[in-house]
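First comes the structure, then the notes that go with it.
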Amino acid sequence: MRIHSIDHPTSNYRPMAKILSTILLILTTYELSAQQAFPDLSPKGIVVQKVGYTTITVQYERPTARGRKIIGELVPYDQLWRTAAGNGTKIKFDKEVTIGQRSIKPGTYSLFTIPGKKEWTIILNSDTTIYGTGGYSESKDVVRVKAIASTTERFYRSFTIDIDITQEDAELNLSWENTRVAFSVKTGTREEIAIMVKEDLLGGKIKDPLVLAMGAEYYYFLNQDLESGLALVNKALEIKNDSWYYSLKVDILSKLERFPEAMETLKIGINYVKTNPEKWDDEQMRSVQENHAIRMKELQGRIKK
């Protein structure tokens, strides 16, 4: 009788087990390696700021001083700088803006600078594919403006870009070590608002009293074009009587130093509140009456002067 031999059940398993073991080791090593990755020496930063009707977005890599002398050495004077680390800085405008005297179309641009001891050159370039300054072409510059370099009390360990809002426009600050450089970006929002107010609000296209009053408040708080603000609140009151509208008109007339008119408006507002309490509770009514008394006394003092 011939007896057929039977292979041990693990004889074909051993090579497969070795392969799987190797794969597992590779994956485990990769996972540990990923977990132990070193942090970026120049971590990425992003600034997104709404200014007027325009959104400005800045993306950049933030190098740190790490005990080095920065301005004038690591960042040499009179040489083109990518104005950050790695891929440099990209700045995006979602609407047309003005830098210097140049109109800048919506889009993304590379930000370069040429640092000087007292003055820097700020450059926006249309080529956003450049790494560092390699391949930079002046022919692709969109705008160049000069900016004064100032000394700061604060020591900026990391290169920092921030955006200050100056009413409807912006000021971009570039800061590192004890140096700050700033340049202005005009959004054109003020001009857009002036057209909208003239054509839509004062022109009668929009007849919502709340929108008219908000336009008046806008001019009041900016202390700009108060006559337009007065015209807007008057149109709001033509459509609807409201205690806030009367109060706002008093504020605007006071800023215009038209105190007798402000006094008469305040009296009208007081009489309106007496007959139209606007669903105020007793505490709110007392607060309004106290405020009216204070403002009446202030206006009387102004008129006597």
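Read-outs: derived from the displayed coordinates by stated rules, not from any lab. In this text, all values refer to a predicted model and were calculated from it rather than measured experimentally. Note that each Cβ is placed from the backbone with ideal geometry, even for glycine, and that neighbours are counted across all protein chains shown.
Comparing mean-square fluctuations of THR275, THR166, THR265 from a GNM of the chain with C-alpha springs under 10 Å, the top value falls on THR275.
Ignoring everything except DSSP H segments at least 4 long, calculate the 222 nm mean residue ellipticity for the chain; use -39,500 (n - 2.57) per segment, divide by total residues, nearest 500. Spell out each step's value before the answer.
Working: 7 runs with 112 residues, N = 305.
One gets -12000 deg cm²/dmol as the mean residue ellipticity at 222 nm.
Couplings for region 145-156, taken from phi via the Karplus curve 6.51 cos²θ - 1.76 cosθ + 1.60 with θ = phi - 60°, read 9, 8, 9, 6, 8, 10, 9, 10, 6, 6, 9, 8 Hz in order; Gly and Pro are left as x. Cut-off under 15 Å on the C-alpha distance; same-chain residues fewer than 8 positions from LYS105 excluded. Which aspartates and glutamates are left, in chain and number order? LYS105 reaches ASP94, GLU96, ASP127, ASP141.
Counting Lys and Arg as +1 and Asp and Glu as -1 over every other residue whose Cβ lies under 13 Å from the Cβ of ALA149, the net charge comes to +1. Relative protection proxy for 114-126, 284-296, 79-91, from highest mean packing down: 79-91, 114-126, 284-296 (other beta-carbon atoms within 10 angstrom).
Hey, could you get me the Stokes-Einstein D for region 44-185, Kirkwood radius over alpha-carbon pairs, 37 °C and 0.692 mPa s, rounded to whole µm² s⁻¹? Walk me through the intermediate numbers first.
Numbers: Rh = 15.2 Å.
The calculation lands on 216 µm²/s.
The order of SER103, SER137, going from fewest to most other C-beta atoms within 10 Å of their C-beta, is SER137, SER103.
Going by neighbour counts of Cβ atoms within 10 Å, the residues TRP280, TRP176 line up, fewest first, as TRP280, TRP176. A Förster radius of 30 Å, combined with the Cβ-Cβ distance separating THR128 from ALA194, puts the computed FRET efficiency at roughly 0.35.
Residues considered: LEU256, LEU201, LEU172. Largest GNM mean-square fluctuation over the chain, using C-alpha springs under 10 Å, is found at LEU256. For the pair ILE268 and GLN300 in one chain, pulling the backbone fully straight at 0.36 nm per residue adds 10.0 nm over the alpha carbon distance. A DSSP coil position with no more than 10 other Cβ atoms inside 10 Å describes the following trypsin sites (Lys or Arg not before Pro) in region 141-205: LYS205. Here LYS249 is the anchor, and the lysines within straight C-alpha reach of less than 29 Å, apart from those fewer than 8 places off in the same chain, are LYS198, LYS205, LYS207, LYS235, LYS240, LYS267, LYS274, LYS279, LYS297, LYS304, LYS305.
In the chain, how does Rg compare with the Kirkwood Rh, expressed as the Rg/Rh ratio over alpha carbon atoms? Mind dumping the intermediate values first?
Details: Rg = 32.8 Å, Rh = 25.4 Å.
Rg/Rh: 1.29.
Computed from the C-beta positions of ASN234 and ARG102, the FRET efficiency with R₀ = 45 Å rounds to 0.65. Length gained on full extension, ASN291 to ARG144: 47.6 nm, using 0.36 nm per residue less the C-alpha separation.
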